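*Asks:* Input: one structure, supplied below.
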Amino acid sequence: MGLLEQVYEKAKENPQRVAFPEALNEKMMEAAYETGKDGYIIPVLVGCKDEIKKALSDRGYEERVFTIVDINEE
């Protein structure tokens, strides 16, 4: 097993939360989705919950992969 594979396996053993404050950015959302879906991180999307959910749906991403933090909730 190569070095990169070892790093990936270690990340899967203890995935950490990673916040994405630019959650609506298409590239950021894609990166968060791919790494979250594969179990390397726990992606946290930060922004307007309704806008984030719409973007997830429009882009075909599974909402269950993400934790969403709504900046509009008090």
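*Asks:* Show me the strands (runs of 3 or more DSSP E) found entirely inside the chain where at least 3 residues are hydroxyl-bearing (Ser, Thr, Tyr). Don't jump to the end; show me each part of the working.
*Replies:* On the way: elements: 16-20, 41-47, 67-70.
In the chain, no matching strands (runs of 3 or more DSSP E) lie anywhere.
*Asks:* Go over the candidates ALA23, ALA32 one by one and state the one that is modelled with pLDDT of 95 or more, open to solvent by less than 80 Å² (accessible area, probe 1.4 Å) and under 10 Å from the mean Cα position of the chain (by Cα).
*Replies:* Numbers: ALA23 fails: modelled with pLDDT of 95 or more.
Just one listed residue meets the conditions, ALA32.
*Asks:* Sticking with this one: Out of the residues in region 1-16 that are surrounded by 10 or more Cβ atoms within 10 Å (Cβ to Cβ) and within 17 Å of the chain's Cα centre (by Cα), state the one that is nearest to PRO43 (Cα to Cα).
*Replies:* First, the residues of region 1-16 that are surrounded by 10 or more Cβ atoms within 10 Å (Cβ to Cβ): 6-12, 15.
Next, from what is left, pick out any that are within 17 Å of the chain's Cα centre (by Cα): 8, 11-12, 15.
Values: TYR8: 16, ALA11: 13, LYS12: 13, PRO15: 10 Å.
The selected residue is PRO15.
The values are calculated or read from the model by the stated rules, or taken from the named source; none is laboratory data. Model, not experiment: these values are computed from the prediction. When we count neighbours, we look across all protein chains shown, and the Cβ atoms used for this are built from the backbone with ideal geometry, even at glycine. These accessible areas exclude ligands, DNA and RNA; they are computed on the full protein's heavy atoms, side chains included. Shrake-Rupley method; radii C 1.70, N 1.55, O 1.52, S 1.80 Å.
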